[in-house]
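Notes for the one structure printed next.
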Amino acid sequence: MLSVKKAESIVLNLAQPLDSQRDVETVDLLAASGRVLAAPVAGSLDFPYWDNSAMDGYAVRFADVENCSTQKPAVLEVVEEIPAGYQPKNTVQSGQAARIFTGAAMPVGADTVVMQEETRREGDRIFILVSPEKPQAFVRHKGAFYQAGTTLLTPGTVINAPEMAVLATAQCIQVPVYRRVRVAIFSTGDELVSPDEPLAAGKLVDSNQYALTVLLAQMGCEVIRLGIVADSEDALKKAIVQAVSTADAVLSTGGVSVGDYDYVEKILADLGGKIHIQAVAIKPGKPLTVAQFKRDEKKADSLISSSDCLYFGLPGNPVSALVCCWRFVVPALRKISGLGADAWGPEFVRARCHAELRSHGKRETYVWGRLYLVEGIWEFEPASGSQNSANLINLANTTGLAVLPAAAETWVWPGEFIEVLKVSP
Ligand code: AMP
Ligand code: MG
């Protein structure tokens, strides 16, 4: 059976980023929130846009104030007042100054700002009491922070608050971003009903579709929900064809074990999918199928998606499905979305474990629980109750998965530090 590491590397190799030409859309500034930049962005304005004052004070000519002091102040005539947002009208001549406020444009002729605390005002005259350290003091120069035409943001950058500020400042109001990654999901199983349907004897509510919808939506994916699909070859085949032809990635749950009704793998192969993974040495989650449909090999009549399609046949058990998603699917989708390699994850931290943990066997074991920071130390509290892959009830509040290596026996004592996968959105 494949190790988790090996499976991770296979999945990441199969995942290919969206195309930086074909899979790009231009959106309005605010609509770019949370999106991934698809092309370098350059502004057409220098920043600062013009020379401006870094202080409330007086714009002066350095030569006029160079050698002044409290005993021997330079006395200048105030010829103009320049609040922020106004264009100065006068040129500051020798012997003159302009009252200026933080952010206001520097007047022609002045080269230095003296802060108001180092002056004394008498009518139209200003006494400069302290000589500025150097010419240009407290002047922010046009283009000092950014020169028009140079690269402002690079492809792969996510547009969050700081990047939004940068784009707005540069008046980049049309932003080239990758389209959202399209992910089709469906649940397989004759036992499944949706949460709003009456629960007949022997049935089970389909929680996977709901959990996956939230996870994918929080990642910024476009989620195509194909519902519950019966354990019949025909129904599954139809769903898989539809999913593969419309999406960049497909997540189905269930039907990938070795039971009599587990058809997914066979259908994937029949449809021309290349199966790369059939099982992974991970607990929970062993039956994981990963297949790839190359774009030109898709058997569907009308292809809506233009990229290759990565198919994840996840286990039906709700905990197994989520663990596989967090460990393998999320990094793959991040790569597909156009993010830079440093953002694919998964992210592990060393955390102090709050309970005794034991594992034995050939599978890497993931224990779900709460991961949180206290005074700079990561703490991990395993979920109380049964760590059984059919028990999804104690999954609530899961923010980390402790990793116990595949080894004959692993025994972790309370207080020991262990590796934990961060899984909060
Ligand atoms: P399977 O992988 O299809 O054999 O399913 C394994 C277990 O997970 C079975 O007990 C199923 O009833 C359960 N299961 C399968 N699909 C779902 C689902 N969508 N939501 C909740 N439980 C499920
Ligand atoms: Mg099933």
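No value in this document is a laboratory result; all are computed from the given coordinates. For clarity, every value in this text was computed on a predicted model and none was experimentally measured. Here Cβ is always computed from backbone atoms with ideal geometry, including for glycine, and neighbour counts include all displayed protein chains.
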Spelling it out for L204: with amide H atoms placed in the peptide plane at 1.01 Å from N, the residues 5 or more places away or on another chain with amide H under 5 Å from its amide H are L192, V193
Place a point 7 Å from Cα of K362 in the direction of its Cβ. Which residues in the stretch 384-425 have their backbone N less than 16 Å from it?
406-409
Note the full-extension length gain between H354 and F62 as 0.36 nm times their separation in residues minus their Cα-Cα distance, in nm to one decimal.
98.6 nm
Per DSSP H run of n ≥ 4, the term is -39500 (n - 2.57); total these for the chain, divide by its residue number, and report the mean residue ellipticity at 222 nm rounded to 500 deg cm²/dmol.
-4500 deg cm²/dmol
With the cut-off at 1.5 for a/c, could you classify the stretch 348-422 from its C-alpha gyration tensor as rounded, prolate or oblate?
oblate
Virtual spin-label span in nm between A341 and A165, 7 Å along Cα→Cβ
3.1
With label points built 7 Å along Cα→Cβ from the Cα atoms of W411 and Y372, find their separation and express it in nm.
3.0
Please tell me the relative contact order of the chain in percent, rounded to the nearest whole number, where contacts are Cα pairs under 8 Å and at least six residues apart.
15
If you take the beta carbon distance between M1 and E222 as r and set R0 to 30 Å, what does 1/(1 + (r/R0)^6) give as a FRET efficiency, to the nearest 0.05?
0.35
Quick one: P(r) of the stretch 247-400 from all Cα-Cα pairs, 10 Å bins, percents rounded to integers, in order of increasing distance.
10, 33, 33, 17, 6, 1
Can you compute 3J(HN,Hα) from phi for each residue in the stretch 63-77, using the Karplus curve 6.51 cos²θ - 1.76 cosθ + 1.60 with θ = phi - 60°, rounded to whole Hz and x for Gly and Pro?
4, 6, 10, 3, 10, 7, 7, 4, 6, 10, x, 7, 10, 10, 8
Arranged from highest to lowest average of other beta-carbon atoms within 10 Å per residue, in what order do the peptides 150-158, 237-245 appear?
237-245, 150-158
Rounded to the nearest 10 degrees, what's the angle between the helix 4-14 long axis and the longest principal axis of the chain, both from Cα atoms, 0 to 90?
70
Sort 21-30, 74-83, 345-354 for me by packing, meaning the mean count of neighbouring Cβ atoms within 10 Å per residue, highest on top.
74-83, 345-354, 21-30
Regarding the stretch 52-140, what is the average projected area of its C-alpha convex hull, in nm²?
4.7
According to the square roots a ≥ b ≥ c of the eigenvalues of the Cα gyration tensor, what is the shape class of the stretch 103-233, taking rounded for a/c under 1.5, prolate for a/b larger than b/c otherwise, and oblate for the remainder?
prolate
For the chain, just list the percent of Cα-Cα distances falling in each 20 Å bin from zero outward, please.
22, 37, 21, 17, 3
With an 8 Å cut-off on Cα pairs and a minimum separation of 6 or more residues, tell me the relative contact order of the stretch 52-140 in percent.
42
Assigned charges on the beta-carbon of Lys, Arg, Asp, Glu; the chain dipole about Cα centre (debye)
640
First check a/c for the stretch 332-381, with a ≥ b ≥ c the square roots of the eigenvalues of its C-alpha gyration tensor; if it is under 1.5, answer rounded, and if not, answer prolate when a/b is larger than b/c or oblate otherwise.
oblate
The stretch 148-289: relative contact order from alpha carbon pairs under 8 Å, six or more residues apart, as a whole percent, is 23
Nearest 10 degrees, 0 to 90: what angle lies between the long axis of helix 233-246 and the longest principal axis of the chain (Cα atoms)?
20
Over the stretch 179-239, what per residue volume does the convex hull of the Cα atoms give, in whole Å³?
74
Given Cβ charges of +1 for Lys and Arg and -1 for Asp and Glu, the option among I173, F145, N317 whose Cα lies farthest towards the positive end of the dipole of the chain is N317
